[in-house]
DNA sequence: CTCGTGCATCGATGGCTGTCGATGCCCCAT
DNA sequence: ATGGGGCATCGACAGCCATCGATGCACGAG
């Protein structure tokens, strides 16, 4: 809001005189707002110590599968809190949930973490000054 | 707090009777609390759409370098807010700051994002049931 | 020296979020 | 049918955070 179009004064400064202007011609287009929000939402799901530990426990569990009762004690939090974190991770696409009998089993979604890691590596690769 | 050691009843259930126990023997040790907090802190710095866009603008800028006045208009936020975000990214180790004259130039710290991406890929690699 | 400019910091504020106890639902065993 | 246990949801609450205007600081230009 209040997008004051007064673009840095880059366009009004003399060329070749870099010491009097802080111009950046931005070789590549910046990340789109939508892409940024999507990636940020997934990263936000990962940016909690408890959730990271839950993921690592599930990843290291037998058959890469764990139910809620397996997770409350290792992380030392209440069952509602653990359920909440698992829901966040599931809605972010990192865990899948399958209910069998009275238990709800969570497992890693294959490739979900690698996808985020790949975006982090690629999206922000510094473009060498070859252009 | 209140670590009630009542470990799931896994150890008290009969072996081979999987349908009456939700046991998980957890092949690999879960992520340590310290590691989880450290990674979570770095991911939290990345889990904001504005900060992701700032990183991408810096990455795409000429010489991979940009000052604050280059960044306020593209993201459409006030200068104090942009300064705040840049500080967060700098303290998390993703940006470096160098002041030249009146301008403060920010640039990507080489390898910082790749390190986080690598941890995400490796730390949670599903251990195949080979043990 | 003085003025203007780029930037960081401060204080305030509204919104989000991690946590818990209480509760309700569903499924299984008896 | 009845009881119990696993789990999700609800409501509440405290702490954190993104954002802003105002202010202060440092540096360069005149």
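Each value in this text was obtained by applying a stated rule to the coordinates, not by laboratory testing. All figures in this text were calculated on a predicted structure; none of them were measured in a lab. Ideal geometry is used to build each Cβ from the backbone, glycine not excepted, and the neighbour counts take in all protein chains shown.
Counting only the Cα atoms, the stretch B:61-128 fills a convex hull of 114 Å³ per residue.
Inter-copy label distances at residue B:33, using a point 7 Å along Cα-to-Cβ, come to 4.2 nm with the shortest given first.
Among B:63, A:65, the ranking by other beta carbons within 10 Å of each residue's beta carbon, starting with the fewest, stands as B:63, A:65. The ranking of B:87, B:99, B:44 from fewest to most other beta carbons within 10 Å of each one's beta carbon is B:99, B:87, B:44.
Listing B:116, B:33 from fewest to most neighbouring C-beta atoms within 10 Å gives B:33, B:116. Here residue A:103 yields copy-to-copy label distances, from shortest upward, of 6.1 nm, the label point defined as 7 Å from Cα along Cα to C-beta.
Roughly how many Å is it from the Cα centre of the stretch B:52-131 to that of the stretch A:30-51, as a whole number? Using only Cα atoms to place each centre, the spacing works out to 14 Å.
Sorted from nearest, the other copies put their residue A:81 label points 3.2 nm away, the label point being 7 Å from Cα in the direction of Cβ.
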